[in-house]
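Down below is the structure, laid out as structure tokens.
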Amino acid sequence: MTQKQASLLTRSRRLLRRLVDRPASVDLTRYEALLPAVGAREQDLLELTDAELTGAATALRDSDGARPTPTDEQLVEICAIGREAGRRALGERAFDVQLLGVMGLLTGRVIQMATGEGKTLVGAIAAAGHALRGRHVHVISVNDYLARRDARWMRPVLDLFGVSVDWVEPGHGRAERARAYGCEVTYGSVSEIGFDLLRDRLATLTADVVQRTPDVAVVDEADSVLVDEARVPLVMAGSVASGAPDTEAARIVSRLRPGLHYETDADGRNAWLTPAGTSVVEKALGGVDLYSEAGSRRLAAINVALHAHVLLTRDVDYLVRDDKVQLINTSRGRVAELQRWPDGLQTAVEAKEQVPPSDQGEILDSVTVQGMLARYPTVSGMTGTAVAVAETLREFYKLEIAVIPPNEPNIRLDAADRVFATRADKFRAVVAEVQRVHAGGRPVLIGTQDVAESEELAGKLARAGLDCVVLNARNDAEEAEIIAEAGTKGAITVSTQMAGRGTDIKLGGSHGTTDDYEQVVELGGLYVIGTARYRSSRLDDQLRGRAGRQGDPGGSIFFACLNDEVVLAGAPDVPGNPPTDDNGEVTSPAISRHIDHAQRVTEAANLEIHRNTWRYTRLIERQRDDLLGYREEVLRGERATELLRSRCPQRFAELDAVLDGAARDRVCREILLFHLDELWSRHLAVLADVRESIHLRALGRETPIDEFHRAAIPEFHAIYPEAERLAEATFAEITVEEGGADLAGAGVRRPTSTWTYVVHDNPFDSDAEQALKKVRGTLRKRRG
Ligand code: ADP
Ligand code: MG
């Protein structure tokens, strides 16, 4: 065989493997071919002084930045400078695979690179590459700690590129933010960048706007940001006097009796009135027909009150502290400061606990991660687990993924799942396994489902004489320090899936010697135990990926039982009575197929929920874009002045006489923007109502989304003429004094305070239920 034939064969084998293993990924062969040129250029760059290296980067600035993706020559130059800059600034010379990652990011892909492969450096080099071509880049991370860490860590590299960099975090004021966003590369968490976007969208002075229009998003941990967080909108609200709480509904509901007046389903996610309950409620309300069109609002109120009363438990789901209802984030096990339930439910719980209604205020504006990312002409991302969400990324973000091979082959040993009949059997086996592995000093990392389970397990381990460290999700920075030591000899670390993410686990400890490292290698590296399969295989893989970094040895195993959440949610009906041994371990091999199946059902249901949310938010976000276009013209142009000049010429002349041109334009702008923003906020409230009532009425013939559109579109189009009409009326009313106009007197009052929060997933989301049913139904049909 000639060399050419051999390489052709290798190439086609590789292609075939790609088609079989990872059908959704982009072919990187083209970029691999550029690597020798990078190597050659590296030799020249080695000779340069730092200033000359920066000069080489600056030379790229003159090249054609208008093209959305760099040319091959530009890719080579960016990678070569990046490799040299990383070597000088951090002592880390980027591996070939990292440069492939850089090229993937520069061409707008989501790259999959395993944990520990060095994605932080990859992201920074790509960000610099974009910046040199005149594009403003946001590097978006999952939390504030990582944004700060990465910006500081990568600054010396970006300095050598001559590219400015900064980050935003919650403590920053407006000036600091404006400065950070003024840099060529800005690091920030998804919520900080999102909240700044929301605040900017309501600014009435151009000087208050902190973000400039960004061009490129580089999203770290892209699957969690783009998929997991995408369902949860960021909200900005303004205080208004809180309305009277619906204590009537709470009072009526508190008198109902379970079984007789209402029923709940087995997993405690739904509650409904029985016919007897319905008539009690109808009588208590003075004889309304709850199921008539007119009664639907009352029915909605009774339903949330019932949910609040029956399905949410004080001290489990929430605390009552200082006359306030505070949510407990069950997966993190702590009070979730920035979260609340959707408004109706929040108020209902407050009424139940007889605390004053919180400042629910009105929602001024909201945005989903998806809406937020739609602003960036170029989106790219990086994660250890992209393949599993390839379909979602393509459907919702039109993103393709590129799989980057590891620098050293992965030699981690993943054992088959061990499945038990009961939870007690499972945990006994987990403790025994930790004991066995720990005996020789091999470090063990145990991933649990939530904090409560972490603590339970820690207790069991302690009783077995095993000392462990528990990550309690107190704060991200502290966690990072703890998990960094999980590879130390003899360490036992218990953690939730989310905890300590983004932190590298080095064998032998973060400051260990080569000797420490070698000892742990001898023991087989880090051993990862999962206490249950997660709701997606992607999360399982993330946990496994903690072991076996950069070619290190490592191992992983998952324990499961028939009562695990994922099994109950996805496929609760386990066929037959599976045989078990004396320890309660299921011996029939078919059982792992059943668990895989349950997980696939849950994954499909989540996709369906995402799809459904998107159907609703897409319309709202399009309308918002339209309105923002108009708002921009008002904010930055003469639109308001022109409008009021032509509508009320006389009034305008009076005003013109006492105010200078700029002050007059402020006044006009302020009035029109006020009405515009208020109408938008009202529109959002109406849409929320429409959506809720559509679901409750559950009209058989119409699909809810069509009905939603029918209501939402005319409502929206009425906003512009209405805002202009109201602005005209206000303008006619204002009193003008020496030096200014009394806007407050004419009712132009913005909320006295605003705040931002993340909407907590509705625990009884009817969408979630429907999605799960739909998926189960389809699968059953397919199987049956
Ligand atoms: P990831 O985000 O992919 O999990 P990180 O960016 O956190 O990985 O990097 C993991 C570790 O690898 C860090 O300690 C980093 O300093 C190191 N690293 C990254 N790139 C290189 C390189 N080219 N050479 C040596 N070490 C590197
Ligand atoms: Mg990382």
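The values are calculated or read from the model by the stated rules, or taken from the named source; none is laboratory data. Keep in mind that what you see is a predicted model, and the values were worked out from it rather than measured. Cβ coordinates were reconstructed from backbone atoms using ideal geometry, including for glycine residues, and neighbour counts include every protein chain displayed. With ligands, DNA and RNA removed, areas are computed over all heavy atoms of the protein, side chains included. Shrake-Rupley method; radii C 1.70, N 1.55, O 1.52, S 1.80 Å.
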* Which condition number in (1) closer than 26 Å to A452 by Cα; (2) within 16 Å of ligand 2 (Cβ to nearest atom); (3) in a loop (DSSP other than H, G, I, E, B) is the one that K506 fails? -> (1)
* Tell me, please, whether a residue that is among the charged types (D, E, K, R), surrounded by fewer than 16 Cβ atoms within 10 Å (Cβ to Cβ) and more than 23 Å from R133 (Cα to Cα) can be found in the stretch 43-56. => yes
* For T69, all conditions in the list (1) under 15 Å from V216 (Cβ atoms); (2) open to solvent by 60 Å² or more (accessible area, probe 1.4 Å); (3) among the β-branched types (V, I, T) hold save one; what is the number of the exception? -> (2)
* Residue under evaluation G637, criteria (1) under 30 Å from E670 (Cα atoms); (2) open to solvent by less than 40 Å² (accessible area, probe 1.4 Å); (3) in contact (Cβ under 8 Å) with a residue 12 or more places away in the chain, criterion not met -> (3)
* **Selected residue (criterion: least open to solvent (accessible area, probe 1.4 Å)) from residues of the stretch 115-139 that are within 14 Å of ligand 2 (Cβ to nearest atom) and modelled with pLDDT under 95** => G116
* Asked: Restricting attention to the stretch 85-121, which residues are within 6 Å of ligand 1 (Cβ to nearest atom) and small (G, A, S)?
  -> A94, G116, G118
* Scan the stretch 513-529 for residues that are open to solvent by 30 Å² or more (accessible area, probe 1.4 Å) and either aromatic (F, W, Y) or within 13 Å of ligand 1 (Cβ to nearest atom) (or both) and report the count. => 1
* Verdict on L461 being at pLDDT 95 or above and either within 24 Å of the chain's Cα centre (by Cα) or not acidic (D, E) (or both) -> yes
* Structure fact -> Among the residues of the stretch 364-391, the number that are away from ligand 1 (no atom under 16 Å from the Cβ), surrounded by 20 or more Cβ atoms within 10 Å (Cβ to Cβ) and not small (G, A, S) is 11
* Structure fact -> Across (1) closer than 28 Å to T392 by Cα; (2) modelled with pLDDT of 90 or more; (3) in contact with a Ser or Thr (Cβ under 8 Å, 6 or more places away or on another chain); (4) not in a helix (DSSP H, G or I), R533 clears everything bar (3)
* To do: Go through the stretch 453-486 and give me each residue that's of a type in the set (S, T, N, Q) and not in a helix (DSSP H, G or I).
  => N472, N475
* Asked: Do we find a residue being assigned to a loop (DSSP other than H, G, I, E, B) and in contact with a Leu (Cβ under 8 Å, 6 or more places away or on another chain) anywhere in the stretch 574-581?
  -> yes
* Could you tell me which residue of the stretch 469-494 is nearest to the chain's Cα centre (by Cα), considering only residues that are away from ligand 1 (no atom under 16 Å from the Cβ) and open to solvent by less than 40 Å² (accessible area, probe 1.4 Å)? => A473
